[in-house]
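All remarks here apply to the structure that follows.
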Amino acid sequence: MDGLRWYVEMRILIVEDDRKLARQLKKGVDEFGHTTTLAFDGREGLEAAQGSEFDVLVLDVMLPRLDGVSIVRQLRQMRIGTPILLLTARDTPDDISTGLDAGADDYLTKPFSFQVLLARLRALARRRQIDPQTLLRTADLSLDPTTYEVRRAGVLVRLSRTEFVILETLMRNPGRVITRARLIEAVWGHERDVQSNTLDVFIRQLRSKIEPAGASKLLHTVRGIGYTLREEEVA
């Protein structure tokens, strides 16, 4: 089987106002045995996402009638948890953080290769094998791998799927330094063409969520190597 193919067929919604690009993406994805639905503006895309079951949503950020980030916010408010990949021409940390804060799971900056898009979609749709063990704990931070709930001092912390995978990888290796390469592999797999600042953005988002004001530091950077999750030592 071609290494680019998925192991399961998926239903994908692509919301993109550039009709030529949208149809090119649909043609490419459908050739891999999947079913793609197109929408060409934000309102149409939101209605499609609400009315049908999809495995992955691909949303352009700059859309007429309703922008991609607003679509994400409304879907998450409606508790629709379908994985969402944002397409954006803006790659500044602030622009990316806005989409992730709204509830998107990943982003891809334009221009991009079709192979990279396929890789990102595979990563979002992949069903991870989870050890059905009890809660993972580090200090007052807990993660339940069966319910996907994360809590800090008993307070529910809402994470995107990507943030969850990063945190779970760290919590399954308490006190150990996990290299950047290993984290990238855990989230995006072996064949990801991940931009240099992608992991940094997700780490920053994750840190802001699990370390609210007044809480002790748990996520530590080991410069030049990677990251570790451990309780901050008291002097």
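The values are calculated or read from the model by the stated rules, or taken from the named source; none is laboratory data. Just so we're clear, the structure is a prediction, and the values are computed from it rather than from any experiment. Glycine also receives a Cβ, built like all others from the backbone with ideal geometry; neighbour counts cover every protein chain displayed. These accessible areas exclude ligands, DNA and RNA; they are computed on the full protein's heavy atoms, side chains included. Shrake-Rupley method; radii C 1.70, N 1.55, O 1.52, S 1.80 Å.
Output yes when any residue across the stretch 129-152 is of a type outside the set (A, V, I, L, M, F, W, C) and either touching a Cys at 6+ places or on another chain (Cβ under 7 Å) or within 28 Å of Gly33 (Cα to Cα) (or both), and no when none is.
Yes, there is a match, as at least one residue in the stretch 129-152 is of a type outside the set (A, V, I, L, M, F, W, C) and either touching a Cys at 6+ places or on another chain (Cβ under 7 Å) or within 28 Å of Gly33 (Cα to Cα) (or both).
Would you check which residues across the stretch 10-35 are within 20 Å of the chain's Cα centre (by Cα), modelled with pLDDT under 95 and either assigned to a loop (DSSP other than H, G, I, E, B) or more than 21 Å from Trp188 (Cα to Cα) (or both) and list them?
Residue satisfying the conditions is Met10 alone.
Checking the conditions here, which among Gly103, Gly81, Gly68, Gly42 is touching a Leu at 6+ places or on another chain (Cβ under 9 Å), free of Cβ contacts under 8 Å to residues at least 12 places away in the same chain and not aromatic (Phe, Trp, Tyr)?
When all the criteria are applied, what remains is Gly81.
Could you tell me whether Asp91 is of a type in the set (D, E, K, R), within 14 Å of Ile12 (Cβ to Cβ) and either open to solvent by 10 Å² or more (accessible area, probe 1.4 Å) or without any contact (Cβ under 8 Å) to a residue 24 or more places away in the chain (or both)?
Considered against the rule, which asks whether it is of a type in the set (D, E, K, R), within 14 Å of Ile12 (Cβ to Cβ) and either open to solvent by 10 Å² or more (accessible area, probe 1.4 Å) or without any contact (Cβ under 8 Å) to a residue 24 or more places away in the chain (or both), Asp91 comes out as no.
Does Val29 fit the bill of being more than 19 Å from Ala119 (Cα to Cα) and either touching a residue at least 12 places away in the same chain (Cβ under 8 Å) or touching a Gly at 6+ places or on another chain (Cβ under 7 Å) (or both)?
For Val29, the condition - more than 19 Å from Ala119 (Cα to Cα) and either touching a residue at least 12 places away in the same chain (Cβ under 8 Å) or touching a Gly at 6+ places or on another chain (Cβ under 7 Å) (or both) - is not met.
Scanning the stretch 159-180 for residues that are more than 18 Å from His220 (Cβ to Cβ) and either assigned to a helix (DSSP H, G or I) or modelled with pLDDT of 90 or more (or both), which turns out most open to solvent (accessible area, probe 1.4 Å)? Show your work before the answer.
So in the stretch 159-180, the residues more than 18 Å from His220 (Cβ to Cβ) come out as 159-162, 164-165.
Going one step further and asking which of them are either assigned to a helix (DSSP H, G or I) or modelled with pLDDT of 90 or more (or both), we end up with 159, 161-162, 164-165.
Working: Leu159: 41, Arg161: 115, Thr162: 8, Phe164: 10, Val165: 21 Å².
Checked the stretch 159-180; the qualifying residue most open to solvent (accessible area, probe 1.4 Å) is Arg161.
Is at least one residue of the stretch 77-88 at pLDDT 95 or above, part of a loop (DSSP other than H, G, I, E, B) and either touching a helix residue (DSSP H, G or I) at 6+ places or on another chain (Cβ under 9 Å) or among the aromatic types (Phe, Trp, Tyr) (or both)?
no
Inspect the stretch 110-129 for any residue being open to solvent by less than 10 Å² (accessible area, probe 1.4 Å), under 22 Å from Leu206 (Cα atoms) and assigned to a loop (DSSP other than H, G, I, E, B) and give the result as yes or no.
No, every residue in the stretch 110-129 fails to be open to solvent by less than 10 Å² (accessible area, probe 1.4 Å), under 22 Å from Leu206 (Cα atoms) and assigned to a loop (DSSP other than H, G, I, E, B).
Only one residue in Gly214, Gly189 is modelled with pLDDT under 90, open to solvent by 20 Å² or more (accessible area, probe 1.4 Å) and at positive phi. Which one? Outline the logic, then answer.
Working: Gly189 fails: open to solvent by 20 Å² or more (accessible area, probe 1.4 Å).
The unique qualifying residue is Gly214.
Across the stretch 36-69, what is the total count of residues that are assigned to a loop (DSSP other than H, G, I, E, B) and either farther than 25 Å from Ile96 by Cβ or open to solvent by 30 Å² or more (accessible area, probe 1.4 Å) (or both)?
Start the filter on the stretch 36-69 by keeping residues that are assigned to a loop (DSSP other than H, G, I, E, B), which leaves 40-41, 52-55, 61-67.
Then drop every residue that is not either farther than 25 Å from Ile96 by Cβ or open to solvent by 30 Å² or more (accessible area, probe 1.4 Å) (or both), which leaves 40, 52-53, 55, 62, 64-65, 67.
Selection size over the stretch 36-69: 8.
Which of (1) assigned to a helix (DSSP H, G or I); (2) open to solvent by less than 10 Å² (accessible area, probe 1.4 Å) is the odd one out, the single condition Thr98 does not satisfy?
Checking Thr98 against (1) assigned to a helix (DSSP H, G or I); (2) open to solvent by less than 10 Å² (accessible area, probe 1.4 Å), the one that fails is (2).
Just to be sure before I move on: is Gln205 at pLDDT 85 or above and closer than 15 Å to Asp106 by Cβ in the structure I sent?
Here the answer is yes, as Gln205 does meet what is asked.
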